[in-house]
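Remarks on the structure that follows.
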Amino acid sequence: MTYARARLLLGISGVGSAVLIATALFAFEIPARLLSNAGAQPFGEAIASLVLVLLLGVAAFFPFDVLGGAIIVRERTPVPVFLARWVRGVAVQLVVWTASAATLMAAARLGGTAVTFGAFIVLQFALAALRAPMMRVIASFNAVPKTDRLRELAGRAGIAADRIDVFASTDEGFVGGWSGIAPRRLVLPARWLELTDEALVATLQRRRIIAESGAHLRGVLGAITWNALGFVVVLAMSGAHLGTAAGILTLAAGMTLWAFLGVLVLPTPSRAAVHAVDVAAAREVGAAVMRDSIERLDRWQDDEPERSAGVETIFHPVPSRFSREANLTAAPERGGVNAYHAHHVARHALWLGWATLSPISRAVHCNVGRTPLWAMLPGD
């Protein structure tokens, strides 16, 4: 079994477990049996009881995190080091979950459904805007000074070097990306400085195109829209009162199921955006250079050059290396980035899912157990 396939099976197991638990909670109205369904319950007591249930969920998923972060990895770390990283990441997520729950519960008690929906949208925008800072809170990253070489190559790619922040990560799957809602700061992995000049320029060209074409913004807004739609659907189906601890847990269960639907549906438009950006960049740097950069970066991630159509369609928002290379061969017959391409809408939705208290955002195969990848998931 390959490394990539082992991680895929781990992700299927983790996500499948989350879905089964969420289905039971939602279908059998278990939250109302575990927690208070009374709006008169003291606010602090309601939040405290909810946190206890969340801690049980963290404990339940600990085996998957161990497998994904300490065992099924290319570079193993000592157990104490892994545990320290895991505790830090989980603690930050619990704080975000608790803050989100408290915000939604307070909004529901003070203003009803419309105000609660507005608060949820604000939480989504806040997470999108704070993605890079949160990345550094969740896990340890070392800032790396920008070299003269990087400044020169960034200029060749059309990106001002002052907009780039370089970080070294312990995880080889870290690829960085644009931070914020409108792309203002570009997070670049220090390891990418090992690329040849041509390959690094090509990757920077791709990032510039993602920003200037609006693909990043559409990905973020598309993810917010997707999660907002799920929020409305879950409330309509469950009738949950978010001013209660039971109501918040019901929302978390329902949004976990919605996130699972997103894991199945959103990779398709995400792959289309990756292909479109590849084509647009290849027109500037040449198809051969693009193929070289794609091959080098793929080896640092899954190192799975080919996948079956079914596996790729369902589980992978980033096309395989062979698929991307084949698309470049057909590039003259295809367009570049258009107004419908939303870059990484699938993975933006997972990060923003932290506001829904859903565990699926860190149970998927690409980042389970790997805290440096929880905010900025692996990509192209």
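The values are calculated or read from the model by the stated rules, or taken from the named source; none is laboratory data. Source: prediction; values computed, not measured. Reconstructed Cβ throughout: ideal geometry from the backbone, glycine too, with neighbour counts over all protein chains shown. Protein only, heavy atoms only, side chains kept; ligands, DNA and RNA dropped before computing areas. Shrake-Rupley method; radii C 1.70, N 1.55, O 1.52, S 1.80 Å.
So here's what we get for this one:
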quantity	calculated
Local electrostatic count at Arg136 - Lys and Arg +1, Asp and Glu -1, tallied over other residues with Cβ under 14 Å	+2
P(r) tail fraction, segment 86-175 - alpha-carbon pairs more than 19 Å apart, %	59 percent
Summed side-chain charge close to Arg299 - residues other than Arg299 whose Cβ falls under 12 Å, Lys, Arg +1, Asp, Glu -1	-4
Solvent-accessible area per residue, Å², over segment 90-153 with all protein chains present [probe radius 1.4 Å]	45 Å²
10 Å Cβ shell holding at most 14 others, DSSP loop, trypsin sites (Lys or Arg not before Pro): longest site-free stretch of the chain	185-333
Cα gyration tensor shape for segment 10-138, rounded if a/c is under 1.5, else prolate or oblate	prolate
Spin-label model distance (nm) - Ala59 vs Ser17, 7 Å beyond Cα toward Cβ	1.4 nm
Estimated inter-spin distance, Asn142 and Asp303, nm [label 7 Å along Cα→Cβ]	2.3 nm
Average Cα contact separation per residue, segment 221-380, under 8 Å, 6 or more apart, as relative contact order %	33 percent
Given charges at beta-carbon only (K, R positive; D, E negative), |dipole| of the chain in Debye	440 debye
Residue-normalised accessible area of segment 197-333, expressed per residue, 1.4 Å probe, Å²	35 Å²
For segment 314-380, the spread of Cα positions along each principal axis, largest first, Å	44, 26, 21
Counting DSSP beta bridges with both ends in the chain, the antiparallel % (nearest 5)	60 percent
Restricting segment 299-380 to GluC sites (Glu not before Pro) in coil, as DSSP defines it, with at most 14 other Cβ within 10 Å	Glu306
Of the DSSP H helices in the chain, those whose Cα atoms cover at least 15 Å axially and whose Kyte score averages -0.5 or more	3-27, 43-60, 79-129, 197-212, 215-238, 245-265, 267-285
Most positive-pole-ward Cα, Ala101, Gly69, Leu56, against dipole of segment 1-156 from beta carbon charges	Gly69
Which of Met134, Met376 is most accessible, then next, and so on - probe 1.4 Å	Met134, Met376
Taking all pairs of distinct alpha-carbon atoms in segment 200-284, Kirkwood radius in angstrom	15.0 Å
Relative contact order %, segment 4-123, counting alpha carbon pairs below 8 Å whose residues are six or more apart	24 percent
Mean Cα-pair separation over length for segment 193-296, i.e. relative contact order, pairs under 8 Å, 6 or more apart, %	45 percent
Gyration tensor verdict on segment 134-196 (Cα atoms; rounded if a/c is under 1.5, prolate if a/b is larger than b/c, oblate otherwise)	oblate
For Cα extents along the principal axes in Å, calculated from these coordinates, the label among [x] 87, 53, 33; [y] 96, 70, 40; [z] 64, 45, 41	[z]
Alpha carbon convex hull of segment 238-380, volume per residue in cubic angstrom	126 Å³
Residue range of the chain that is longest and free of chymotrypsin sites (Phe, Trp or Tyr not before Pro) which are both DSSP loop and sparsely packed (at most 14 other C-beta within 10 Å)	29-339
